[in-house]
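Have a look at the structure below before the remarks.
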Amino acid sequence: MALILNIETATDICSVCISEGASIRSLKESEEAYSHASRITLLIEACANDAGITLSELDAVAISSGPGSYTALRVGAATAKGICYALDKPMIAVDTLAALAHAAKLDQPQADYYIPMIDARRMEVYTAVFDKQLQQLEPVHNLILDQQSFSRYFIAEKCLSFCGNGAGKTKDIFINKNAVYSEILCSAQHLVPLSERAFSEQQFEDIAYYTPRYFKAPNITVSKKTLK
């Protein structure tokens, strides 16, 4: 069974875990939002110590590929690349929304559709749609939510499971008994089934050319302070 370091930095949560096959040897997460740059290497070190391994013993490094926060994704990707280059390990990219959908199915197996959402500011989210077998029905896209969003799936007695840190935006929009909400948020532990599958199928990234799926340019603001 492969030893994989899983890194999740798509949202405000900085999370890492070491998995062995389907089992999680250690999980570490920062309680401070958007502390990726300052915490990620410390979390990785603590995770390896708790798992009783050195990073050289890893078989691969898996990264949550987005969509999500531009800066946070860059921190995660840079860290994963650095480890892979230094230790000559393969890198795996896991779709962030697919990982959320797989976790939501474990949490709410009764649902007919799984719709993970990542906050993209205001009423916009990054989202995709997965069926009961976790086949992807719609590609990853950004969406400004309104009352018509996902109307084609709100059909007789079909249960829609919403999850992720953007899902709460729909609660005042979808007044529908068929909409249910999972507490599932981004976490490195949710990458494990997909990173393990990718490793077994030898689906590795070209480390030199890999970039996360940002979908949006960074939100850069201009300082209002005057230079003296």
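The values are calculated or read from the model by the stated rules, or taken from the named source; none is laboratory data. What you see is a predicted model; the values in this text were computed from it and never measured. Positions of Cβ are generated from backbone atoms using ideal geometry, with glycine treated the same way; all protein chains shown enter the neighbour counts.
Values for this structure:
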quantity: Tabulated pairs, region 11-24, first closer than 18 Å to G164 by Cβ, second part of a strand (DSSP E or B), C-beta under 6 angstrom, 6+ apart or interchain; calculated: S15/E8; S15/E29
quantity: L97 being closer than 29 Å to Q136 by Cα and surrounded by 22 or more Cβ atoms within 10 Å (Cβ to Cβ); calculated: yes
quantity: Checking R121 against (1) crowded, with 19+ Cβ neighbours inside 10 Å; (2) basic (K, R); (3) not assigned by TED's automatic domain parsing to the domain that holds G66, the condition it does not meet; calculated: (1)
quantity: Those residues of region 175-211 which are of a type in the set (D, E) and outside any loop (DSSP other than H, G, I, E, B), in sequence order; calculated: E196
quantity: Positions within region 127-141 being outside any loop (DSSP other than H, G, I, E, B), surrounded by 14 or more Cβ atoms within 10 Å (Cβ to Cβ) and not hydroxyl-bearing (S, T, Y), in sequence order; calculated: A128, V129, F130, D131, Q136, E138, V140
quantity: Residue satisfying condition, being farther than 26 Å from G76 by Cβ, in contact with a Ser or Thr (Cβ under 7 Å, 6 or more places away or on another chain) and surrounded by 16 or more Cβ atoms within 10 Å (Cβ to Cβ), within set L160, L145, L191; calculated: L145
quantity: Where I4 falls short, out of the listed (1) crowded, with 24+ Cβ neighbours inside 10 Å; (2) closer than 22 Å to A128 by Cβ; calculated: (2)
quantity: Count - residues of region 146-174 that are part of a loop (DSSP other than H, G, I, E, B) and aromatic (F, W, Y); calculated: 3
quantity: Some residue of region 55-64 being of a type in the set (V, I, T) and part of a helix (DSSP H, G or I); calculated: no
quantity: Extreme residue, farthest from C84 (Cα to Cα), among residues of region 35-54 that are assigned to a loop (DSSP other than H, G, I, E, B) and among the hydroxyl-bearing types (S, T, Y); calculated: S35
quantity: Hits in region 89-126 (condition: in a loop (DSSP other than H, G, I, E, B) and closer than 15 Å to A188 by Cα); calculated: D95
quantity: Residue ID - nearest to the chain's Cα centre (by Cα), chosen from residues in region 170-202 that are over 21 Å from S23 (Cβ atoms) and basic (K, R); calculated: K171
quantity: Residue within region 70-80 that is in contact with a helix residue (DSSP H, G or I) (Cβ under 6 Å, 6 or more places away or on another chain), in contact (Cβ under 8 Å) with a residue 60 or more places away in the chain and aliphatic (A, V, I, L, M) present; calculated: yes
quantity: Residue in region 151-159 that is within 27 Å of E31 (Cα to Cα), in contact (Cβ under 8 Å) with a residue 12 or more places away in the chain, touching a strand residue (DSSP E or B) at 6+ places or on another chain (Cβ under 9 Å) and outside the structural domain of I18 (by TED's automatic domain parsing) present; calculated: no
